[in-house]
Amino acid sequence: MFNLEELDIIDEIIKKRGLASKIFINREVLHPDYVPDSLPHRETEIRKLADILVVSAKGERPSNVLLYGLTGTGKTVVAKYVVKKLAEKASSIGTKMNCAYVNTRKIDTPYKVLATVASSIGLRIPYTGLAISEVYRKYVNALESWSGLHIVILDEIDYFVKRNGDDLLYKLLRVNEDLSKSKVSIIGITNNLYFIENLDPRVKSSLGEEEIFFPPYNADQLFTILKQRAEKAFNPNVINDSVISYCAALAAREHGDARRALDLLRVSGEIAEREGASEVTIEHVKKAILEIEEGRIYQSIVTLPLQQKLILKAIVELVSRKGSTTTGEVYNLYVDIAKKYGLEPLSMRSVSQVISQLDMMGIVIADVRSMGRHGLTKVIKVKEDVIKVVGEVMKNIA
Ligand SMILES: Nc1ncnc2c1ncn2[C@@H]1O[C@H](COP(=O)(O)OP(=O)(O)OP(=O)(O)O)[C@@H](O)[C@H]1O
Ligand SMILES: [Mg+2]
């Protein structure tokens with residue numbers, strides 16, 4: 001419970017900052033999981049998927065479908081959109097049809113995937129403790145007593161197969177052989193084209209009974225998508241078309257990734273709001289690019305193993321002092337740091353390998369130079385923004 005004084009403080013802050021945002025009416029609309037009412041420039045893909053799945057509204061089993069295409073091309077949102085509409089239709093005409101959605105990158109073990117799939121037809125599986133074959137048997141039994149059509153969306157399936165192999169996928173693709181009163185269809189989604197090529201042929205042919213490719217968006221298409229969202233997300237007159245079109249053009253530069261475009265728009269709005277501005281400008285978008293990039297660097301540094309973080313710490317200390325450094329200098333300083341942390345230092349060879357890896361990840365820049373008769377060394381530099389992020393990350397480790 002608050003006491004009166006605390007309430008006064010909160011009131012004071014609310015009075016000063018206001019609860020209503022000058023920038024946003026509804027920022028949820030820019031959230032990556034939001035499913036809009038219409039999906040511009042995906043009519044073809046929606047039509048193809050709906051054509052395949054439409055029989056499900058009558059309770060008939062549609063073919064399995066594989067959706068593939070680069071990141072941010074609308075695969076997840078189209079799958080959720082079409083299935084939601086069909087489920088509504090099915091329920092309105094009394095068809096027993098249900099859908100399970102699992103992001104197998106987040107829910108990443110066969111046990112948890114099956115438990116999540118089963119929970120959508122009301123079966124509770126304990127969090128751990130059963131053999132996977134037992135979980136499967138329970139799912140099959142539950143399907144039989146439920147007697148309906150189960151559509152199972154397995155998103156980001158390449159991550160799952162890479163980590164766990166294709167046993168569960170294979171089993172789910174054949175589950176209909178164990179069923180007489182119920183049916184299951186699988187929608188697999190991936191942005192890894194290489195994954196499809198390398199799938200076991202049996203899995204490939206049955207998962208890919210039908211395939212739908214999602215092409216990247218161009219800048220004009222991204223503009224329409226952003227505009228539709230901006231109208232719902234921002235207050236009137238807060239953002240003009242030239243700013244939206246700038247975001248669209250930037251996101252279209254690598255490949256037309258709608259997620260990246262929406263992130264840019266959201267972060268630009270948040271920066272404008274933090275600054276107390278009444279409009280979102282191109283300057284805010286430029287700042288948003290830097291902030292998003294910094295976030296990306298932060299993620300890649302924060303997830304490094306401790307020894308690698310310490311090597312990076314040594315590099316950053318030396319580069320801050322003298323502009324650039326070499327493998328030998330890094331090694332000496334790193335050994336001291338590792339000892340301070342009570343760790344057994346890695347060998348010179350391993351440290352050199354870690355430096356190459358950091359170079360490949362774009363965290364440091366390492367050029368190999370000849371030192372005459374002393375052989376080769378790496379001259380290592382680090383960009384300003386990395387130095388800043390390493391400082392923050394190192395603050396948080398003991
Ligand atoms: N045609 C569209 N209209 C409106 N919003 C869209 C459209 N296409 C994509 N989006 C939005 O862009 C974001 C990315 O789309 P989505 O998550 O479906 O991409 P994806 O193809 O599944 O990418 P990934 O392979 O990285 O998972 C989502 O927030 C989604 O709502
Ligand atoms: Mg997706």
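What share of the DSSP beta bridges in the chain is antiparallel, in percent to the nearest 5? Percentage antiparallel, nearest 5: 30.
Work through the residues other than L306 whose Cβ is under 14 Å from its Cβ and net out their charges, Lys, Arg +1 and Asp, Glu -1. Local net charge: +3.
Farthest toward the positive end of the dipole of the chain, out of N218, N26, S245, is the Cα of N218, where the dipole comes from beta carbon charges about the Cα centre.
Computed packing ranks the peptides 79-92, 59-72, 129-142 as 59-72, 79-92, 129-142, most packed first, by mean other Cβ atoms within 10 Å.
Near E5, within a Cβ-to-Cβ distance under 13 Å, what is the net charge of the other residues, with Lys and Arg +1 and Asp and Glu -1?
Details: positive: none; negative: E6, D8, D11, E12.
Once positives and negatives cancel, what remains is -4.
Since only S268, T303, Y331 are under comparison, the one whose Cα sits farthest along the positive direction of the charge dipole of the range 251-396, derived from C-beta charges on Lys, Arg, Asp and Glu, is Y331. Volume per residue for the range 304-395 equals 94 cubic angstrom (convex hull of Cα atoms). Projecting label points 7 angstrom from Cα along Cα→Cβ for S320 and K232 puts them 4.5 nm apart. Here the range 43-214 is described by how far its Cα atoms reach on the three principal axes: 40, 39, 26 Å, from widest to narrowest. With the biggest extent put first, the Cα atoms of the range 1-134 measure 62, 46, 35 Å across the principal axes.
Past 30 Å, Cα to Cα, is the threshold; run K80/K309; K84/K138; K15/K84; K112/K227 against it and keep the listed order. If you can, show how the numbers build up before the last one.
Numbers: K80/K309 40 Å; K84/K138 26 Å; K15/K84 42 Å; K112/K227 38 Å.
The answer is K80/K309; K15/K84; K112/K227.
Ignoring lysines fewer than eight residues from K22 along the same chain, the ones with Cα atoms less than 18 angstrom from its Cα are K232.
Once you divide the Cα radius of gyration of the range 238-346 by 2.2 N^0.38 Å, the number left is 1.53.
Neighbours of I355, meaning other residues whose beta-carbon lies under 14 angstrom from its beta-carbon, give a summed charge of +3 when Lys and Arg score +1 and Asp and Glu score -1. The alpha-carbon of K313 sits under 18 angstrom from the alpha-carbons of these lysines, leaving out residues fewer than 8 places away in its chain: K322, K339, K340, K378, K381, K383, K388, K395.
Overall size of the chain from C-alpha positions, given as principal axis extents largest first: 75, 55, 53 Å. Straight Cα distances below 21 angstrom link K85 to the lysines K48, K58, K75, K96, K183, with same-chain residues fewer than 8 positions distant left out.
Taking the fewest neighbouring Cβ atoms within 10 Å as the starting point, the ordered list for C99, C247 is C99, C247.
If the only charges are +1 at each Lys and Arg Cβ and -1 at each Asp and Glu Cβ, what is the size of the charge dipole of the range 43-214 around the Cα centre, to the nearest 20 debye?
Numbers: 24 positive and 20 negative charges, 111 e Å.
Dipole of the range 43-214, to the nearest 20 debye: 540 debye.
Compared with the dominant principal axis of the Cα atoms in the chain, helix 348-360 is inclined by about 60°. Structure remark: mean-square fluctuation, Gaussian network model of the chain, C-alpha springs under 10 Å; the largest value among T327, T116, T44 belongs to T327.
Taken together, the values in this text are just the output of simple stated rules run on the coordinates, not laboratory data. All of these numbers come straight from a predicted model, not from anything done at the bench. Please note: Cβ atoms are built from the backbone with ideal geometry, for glycine as well, and neighbour counts cover all protein chains shown.
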